[in-house]
Amino acid sequence: MKHLNKHILLVLLFFLLLLSTSCGGINSDAKKAAKLTNKSIEETNELNLDEAEKLYKRSLEIINKYESHKESEKFFKLYQEHRDKGKTAAQEQKSQ
């Protein structure tokens, strides 16, 4: 019985670890894609169009990874939050 409990505990710990790392990956990807998108917008505003295009394509690579992913809704929600947070921070800096 003790061996069975240990195995169940190990399996549960493994799934918890897997779950926690996968969630962090989605948040990290969303944050990185949003940062690249916002930087691309900044470069466009400064007429650095080649650099803006490179940044935007890098963000699209991350975004496209989640198009048909089972966690796509979560990714896009996080992406929008990070993207909008970056916009408001940039706008606040410009107004000061």
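The values are calculated or read from the model by the stated rules, or taken from the named source; none is laboratory data. The structure displayed is predicted, hence computed values, not measured ones. Here Cβ is always computed from backbone atoms with ideal geometry, including for glycine, and neighbour counts include all displayed protein chains. The accessibility values were calculated without ligands, DNA or RNA, using every heavy atom of the protein model including side chains. Shrake-Rupley method; radii C 1.70, N 1.55, O 1.52, S 1.80 Å.
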The local net charge around N48, scoring Lys/Arg +1 and Asp/Glu -1 for residues other than N48 whose Cβ lies under 12 Å from its Cβ, equals -4
What full-extension length gain, to one decimal in nm, is calculated for K35 and E81 as 0.36 nm per residue of separation minus the Cα-Cα distance? 15.5 nm
Within the range 32-79, what whole-number % of the accessible surface is contributed by carbon and sulfur, with the 1.4 Å probe and all protein chains included in the calculation? 50
Aspartates and glutamates near K54 by alpha-carbon distance under 13 Å, same-chain residues fewer than 8 away left out - which ones? E42, E43
